[in-house]
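What follows draws every value from the coordinates through simple rules; no lab data is involved. Fair warning: this is a prediction, and the values are worked out from it, not measured in the lab. Don't worry about glycine lacking a Cβ; one is built from the backbone with ideal geometry, like all the others, and counts go over all protein chains shown.
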Amino acid sequence: MSLAGVLVPVNTILTTNGALSTTTGTPALEIASTPKRDRTATPRVTWVPTQDSFNLQPPAMTRSVQQAFLAANPGKQIPRAIATRQVGVEAHIWAGNNPGSADDYSLTEALVGAVISALRHQAYGVVHLLGGAWVNPGVEANKLGHRYVLNLAIDIPVLEVQDNAPQPPVGESVVITAETQTDTMGPLSPGGGTYSSTP
């Protein structure tokens, strides 16, 4: 399972309901190490992976994660989850058309609400909202609108690796032979007989 396996359906919801830009050249899903500073097409969301943590308790797999695995691996069963990877993500949410206007804040706030709603719809129970903040336009200015950074963590199962290696060849068969057992203890008499307990 991957971060993209969770975020692709989220972006589909946002694009379908008109919350994201469908301008030609705008990527369907933008996962990057840092958001671009010279935005020219709003509204946009850039997902920036941050720090992960791990929990040995496996999560319940969401429907979207199960569907993504089955689509990528036809004919295979979903492997057993052995741990949880809590993927740290910053959602850089950017909307608005006029730099510095109060309306740009409300457009970005509406997109923040749409992102949280889409995350809840697609990955209910495995998304943890960790806070957020506005990016100061003086520090990292955009050409249009305002940007809000939403910090979150998404629980993604760590799946057991399936062993597809061929089985080792079957070893030689073992032959067990039965030996005669005596009903007395101690050394055997010369000639291989047994001592008699009767006179």
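Sum up the charges of everything whose Cβ sits under 11 Å from the Cβ of ARG85, counting Lys and Arg as +1 and Asp and Glu as -1, but leave ARG85 out. Working shown, then result.
On the way: positive: none; negative: ASP52, ASP155.
Once positives and negatives cancel, what remains is -2.
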ask   = Would you list SER64, SER2, SER53 from fewest to most Cβ contacts within 10 Å?
value = SER53, SER2, SER64
Order of HIS128, HIS146 - criterion: other Cβ atoms within 10 Å of each residue's Cβ, fewest first = HIS128, HIS146
task = Please list, in chain and number order, the residues 5+ apart from GLU30 or on another chain whose amide H is under 5 Å from its amide H, with Hs placed from the backbone.
result = TRP47
request  = Using a cut-off of 10 Å between beta-carbons, work out the net charge of the residues near LEU3 (Lys and Arg +1, Asp and Glu -1, LEU3 not included).
outcome  = 0
message = To make sure I understand, if each residue's beta carbon is the centre and we count other beta carbons within 10 Å, what order do LEU152, LEU56 fall in, fewest to most?
response = LEU56, LEU152
